[in-house]
Amino acid sequence: MAFSVVALAIQYKVQLLAALTLGYIAALCIYRRFLHPLAQIPGPFLPAVTKLYQSAYNGRYYMQVARLHEKYGLLPKQEGFPLRSILRFDLA
């Protein structure tokens, strides 16, 4: 009885889809944290890899942004590398 790749893919399609999804998420996290051009900007890990960070603060995210500025300086990472922080300050 010979097994083909297609037959295995059909048999294990849920597991294959889950493995591909987790692999994509892991590759995206590695890229955003280490390989992105803005990866050298200091900040916590979670905002560096996802845009869901501010949803955990339920409308009080502005207080967390103030804490991030105190801890990491002028340009902390927020929500997956937005340049919004650069526009808030006069860097001249």
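The values are calculated or read from the model by the stated rules, or taken from the named source; none is laboratory data. It should be emphasised that the depicted structure is a prediction, and the values quoted were computed from it without experimental measurement. Glycine gets a Cβ as well: all are built from the backbone with ideal geometry, and neighbour counts include every protein chain shown.
Under the condition of being of a type outside the set (D, E, K, R) and either under 14 Å from the mean Cα position of the chain (by Cα) or not in a loop (DSSP other than H, G, I, E, B) (or both), which residue from the range 78-92 is modelled with the highest pLDDT?
78
For the range 5-18, does any single residue satisfy the condition of being part of a loop (DSSP other than H, G, I, E, B) and modelled with pLDDT under 80?
Scanning the range 5-18, I find no residue that is part of a loop (DSSP other than H, G, I, E, B) and modelled with pLDDT under 80, so the answer is no.
I need the full set of residues from the range 63-77 which are at pLDDT below 75, out of contact with any Gly (no Cβ under 7 Å at 6 or more places or on another chain) and of a type outside the set (Gly, Ala, Ser), in order please.
74, 75
Checking the conditions here, which among 21, 50 is of a type in the set (Ser, Thr, Tyr) and at pLDDT 85 or above?
Just one listed residue meets the conditions, 21.
Read through the list (1) surrounded by 12 or more Cβ atoms within 10 Å (Cβ to Cβ); (2) over 28 Å from residue 73 (Cα atoms); (3) of a type outside the set (D, E, K, R), then give the number of the only condition that residue 41 fails.
(2)
When the range 30-61 is examined, which residues are found to be assigned to a loop (DSSP other than H, G, I, E, B) and among the charged types (D, E, K, R)?
Once the filter is applied, which keeps residues that are assigned to a loop (DSSP other than H, G, I, E, B) and among the charged types (D, E, K, R), the range 30-61 yields 51, 60.
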